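Report on the following structure.
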Protein chains: 2
Amino acid sequence: MKAIGFKKSLPITEKESFIEFDIEKPIPMGYDLLVKIVAISVNPVDFKIRQSAAKDIVLDTPKIIGWDAVGIVESLGDKTSRFKVGDEVYYAGDITRNGSNAEYQLIDERIVGHKPKNLSIPEAAAIPLTGLTAYESLFDRIKVDSERDKGKTVLILAGAGGVGSIAIQLAKKIGNLTVIATASRPDSVKWCKDMGADYVVNHYNLKEELEKIGHSQVNYILDFVDLEGYWETIAEIIKPQGHIVSITASSNPLNLNILKAKSVTFSWELMYTRSMYTTDDIERQHEILNQIASLLDDGIIKSTLTTTLKGFTVENLKEAHRMQESGKTIGKTVIQF
Amino acid sequence: MKAIGFKKSLPITEKESFIEFDIEKPIPMGYDLLVKIVAISVNPVDFKIRQSAAKDIVLDTPKIIGWDAVGIVESLGDKTSRFKVGDEVYYAGDITRNGSNAEYQLIDERIVGHKPKNLSIPEAAAIPLTGLTAYESLFDRIKVDSERDKGKTVLILAGAGGVGSIAIQLAKKIGNLTVIATASRPDSVKWCKDMGADYVVNHYNLKEELEKIGHSQVNYILDFVDLEGYWETIAEIIKPQGHIVSITASSNPLNLNILKAKSVTFSWELMYTRSMYTTDDIERQHEILNQIASLLDDGIIKSTLTTTLKGFTVENLKEAHRMQESGKTIGKTVIQF
């Protein structure tokens, strides 16, 4: 089968930053499905791994990354029970295994959902990784309860990005929260409002911007952009007993003490945790993906797709990475095979 | 009225580390009760504030600390509705106001509970601050749900201390958790078992000790002793998607990143947050204290009192501080007026 990967971490402009190659089509065992991929999507994790995984070495076999796919079940491992051959599925995947930048992929059925029926293939491929991340942030980390949390506020840092776009919708439509998103360019601001944000504020002078809209402090903060850069501001604008979730990282140690007087809670959200550690509740990702598919099929939330590149080629994958690396993309970019 | 306080931060062995003085009996307004105090208890926060609040200055009026009391309602502010004159009450208090080291104290009724009826005055005075801290840690920060969390494990660092002793009981009896407490001296170990701990492990070689009892990783960790000292160990022994609560502090910034792969949650718990910020849910402390009183009255949990000093004197307050500063006290020390 055809796959695209890299042997060395190179700038995306370099010829060999991605290369096409052939490897054997794998055979599913245990909980694995063999899926014939029809579309993939690109996330920031892709370029971060491409830039770092083979920095000082040259790999013998090219590394296959990519963690977002729509595909068709081709064959089944002996322990599978949730899907049958021919099912249309969508999933993000497991960072410890080969990714979806290939014609076929093995994937544990416990982290796979049924593709939303009413969405096109690219619309569906835009969702899994960002949908899981946003959903887990709100409902597994903060444990937002739409009844108990009525009238509470959430600030979403980087509202127009992939995760931000779906988080705005889930926070508003399912969490019943007042949603404030950050964005600065006119098209990003418009996008956040289209996603359902109650307020969009500029991330420069965040404190003043929040005061202007009458929400100088918020109950929840979702950081999808830069934890370290926002740390001091976060400590000021979080309400007592508030909850912060971050998917980014910090290069330096952080002064946790500044959150103490307010009894603040901080959670990391990493969509890969459940599959990396095969947690007892790994199947929750199967359930979340099916739940998100229902919300999409019922029109309660919508796909965050903005760009579709046609054809599974090195050129398209390079283009998708280049766009992600710019940090300016709105919503999601998909490659349809 | 008589009060005991300090004008300067001095070692407890110094004559003037505490002084007795007279001030006017205050008059309650708004939500305040005027309470005639009959017993108080001492917590680590007391000596920390005594040691730091007047380090480089001499105060004009002595500072009254102490945040744990049993007393009788003597008169009522105009907004009060939860208590009547003559009610026996117990409470921890508000760190921004005068404490309970005095004959009378003003206290917001929204953070006051009815004294447990079946407990002696000293038994009841041992409870409020530690009870609120342990209860909020388990049920407001972690949001332990005895049904959902069945079979989950909690590690309590410093099980024999004031907060640890009540936390063991609440985690076991109300949270339905498997409780592992740390203690090293034979009498502390015995005390933790008496409080209901399923396992007591030595805090030296914590990792190996946990492996020995077949719980190399735990779902929840309550740190009641030294966050910074345990930080690296905590990161290893916490389960994926686990939750850590701390009431201590860290002098240095901490490497939060080491909790990321596991999507771990960290909460600060400060019992004073609700009163300091007059949060919307400030009355929750009234409810928690009443809930704890019911549990004590019904014999589901028991008082953590170990020492009662008779008489509200400078000597007894100094003795209680000296004991707390030793770091070796088991359970709680109370001064009965």
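Numerical summary
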item	result
Residue selected from segment B:194-206 under the condition within 20 Å of the chain's Cα centre (by Cα) and free of Cβ contacts under 8 Å to residues at least 60 places away in the same chain, by the criterion nearest to B:Leu157 (Cα to Cα)	B:Ala197
Identity of the residue in segment B:295-335, within 22 Å of B:Thr13 (Cα to Cα) and in contact with a Pro (Cβ under 8 Å, 6 or more places away or on another chain), that ends up surrounded by the fewest Cβ atoms within 10 Å (Cβ to Cβ)	B:Thr308
Checklist (1) of a type in the set (A, V, I, L, M); (2) part of a loop (DSSP other than H, G, I, E, B); (3) in contact with an Asp or Glu (Cβ under 9 Å, 6 or more places away or on another chain); (4) closer than 29 Å to B:Ala134 by Cα applied to B:Val85, failing item	(4)
Unmet requirement for B:Glu209, which otherwise passes all of (1) more than 24 Å from B:Ser303 (Cα to Cα); (2) assigned to a strand (DSSP E or B); (3) without any contact (Cβ under 8 Å) to a residue 60 or more places away in the chain	(2)
Which numbered condition B:Ser216 fails, given (1) in contact (Cβ under 8 Å) with a residue 24 or more places away in the chain; (2) in contact with a helix residue (DSSP H, G or I) (Cβ under 7 Å, 6 or more places away or on another chain); (3) within 14 Å of another protein chain (Cβ to nearest Cβ); (4) small (Gly, Ala, Ser)	(1)
Neighbours by Cβ (under 6 Å, 6+ apart or cross-chain): first from segment B:303-322, assigned by TED's automatic domain parsing to the domain that holds B:Ala69; second in a helix (DSSP H, G or I)	B:Ser303/B:Glu123; B:Thr304/B:Ser165; B:Thr304/B:Ile166; B:Leu305/B:Pro122; B:Leu305/B:Glu123; B:Thr308/B:Pro122; B:Leu309/B:Asn316; B:His321/B:Phe47
Exclusive hit being within 28 Å of B:Asp32 (Cα to Cα), assigned by TED's automatic domain parsing to the domain that holds B:Val189 and either surrounded by 18 or more Cβ atoms within 10 Å (Cβ to Cβ) or under 19 Å from the mean Cα position of the chain (by Cα) (or both), set B:Ile288, B:Ile292, B:Ile247	B:Ile247
Residues (of a type in the set (Ser, Thr, Tyr) and facing chain B (nearest Cβ under 7 Å)) located in segment A:268-283	A:Thr273, A:Tyr277, A:Thr279
Residue match in segment A:302-316 (condition: at the interface with chain B (Cβ under 7 Å from one of its Cβ atoms) and modelled with pLDDT of 95 or more)	no
First in segment A:96-107 and part of a strand (DSSP E or B), second anywhere and of a type in the set (Phe, Trp, Tyr), Cβ under 7 Å, 6 or more apart	A:Ile107/A:Tyr91
Filter result (away from chain A (no Cβ under 14 Å) and surrounded by fewer than 22 Cβ atoms within 10 Å (Cβ to Cβ)) within segment B:120-152	B:Ser120, B:Ile121, B:Glu123, B:Ser146, B:Glu147
Among residues of segment B:271-291, those that are of a type outside the set (Gly, Ala, Ser), in contact (Cβ under 8 Å) with a residue 40 or more places away in the chain and touching a helix residue (DSSP H, G or I) at 6+ places or on another chain (Cβ under 9 Å), counted	11
Inter-residue pairs, beta-carbon under 8 Å, first at the interface with chain B (Cβ under 10 Å from one of its Cβ atoms) and closer than 18 Å to B:Thr278 by Cα and in segment A:235-258, second of a type in the set (Asp, Glu) and surrounded by 19 or more Cβ atoms within 10 Å (Cβ to Cβ), 6+ apart	A:Gln241/B:Asp140
Members of segment A:157-210 found to be under 23 Å from A:Ile127 (Cα atoms) and charged (D, E, K, R), listed by number	A:Lys172, A:Lys173, A:Asp187, A:Lys190, A:Lys193, A:Asp194, A:Asp198
Qualifying residue in segment B:143-164 (condition: without any contact (Cβ under 8 Å) to a residue 60 or more places away in the chain, out of contact with any Asp or Glu (no Cβ under 9 Å at 6 or more places or on another chain) and β-branched (Val, Ile, Thr))	no
Given (1) in contact with a helix residue (DSSP H, G or I) (Cβ under 6 Å, 6 or more places away or on another chain); (2) surrounded by fewer than 24 Cβ atoms within 10 Å (Cβ to Cβ); (3) more than 14 Å from every other protein chain (Cβ to nearest Cβ), index of the condition A:Asp94 fails	(3)
Matching option when the condition is buried (at least 24 other Cβ atoms within 10 Å of the Cβ), assigned to a loop (DSSP other than H, G, I, E, B) and not assigned by TED's automatic domain parsing to the domain that holds A:Gly93, among A:Ala171, A:Ala167, A:Ala181, A:Ala160	A:Ala160
Hits in segment B:196-234 (condition: surrounded by fewer than 21 Cβ atoms within 10 Å (Cβ to Cβ) and among the aromatic types (Phe, Trp, Tyr))	B:Tyr199, B:Tyr204
Test for B:Thr61: is it polar (S, T, N, Q), outside any strand (DSSP E or B), over 27 Å from B:Thr306 (Cα atoms) and touching a helix residue (DSSP H, G or I) at 6+ places or on another chain (Cβ under 9 Å)	no
Residue check, B:Leu155 within 14 Å of chain A (Cβ to nearest Cβ) and within 26 Å of B:Thr182 (Cβ to Cβ)	no
Test for B:Ser75: is it closer than 30 Å to B:Ser326 by Cα and touching a residue at least 24 places away in the same chain (Cβ under 8 Å)	no
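The values are calculated or read from the model by the stated rules, or taken from the named source; none is laboratory data. From a predicted model like this one, the values you see are computed outputs, not experimental measurements. Virtual Cβ from ideal backbone geometry, glycine too; neighbours counted across all protein chains shown.
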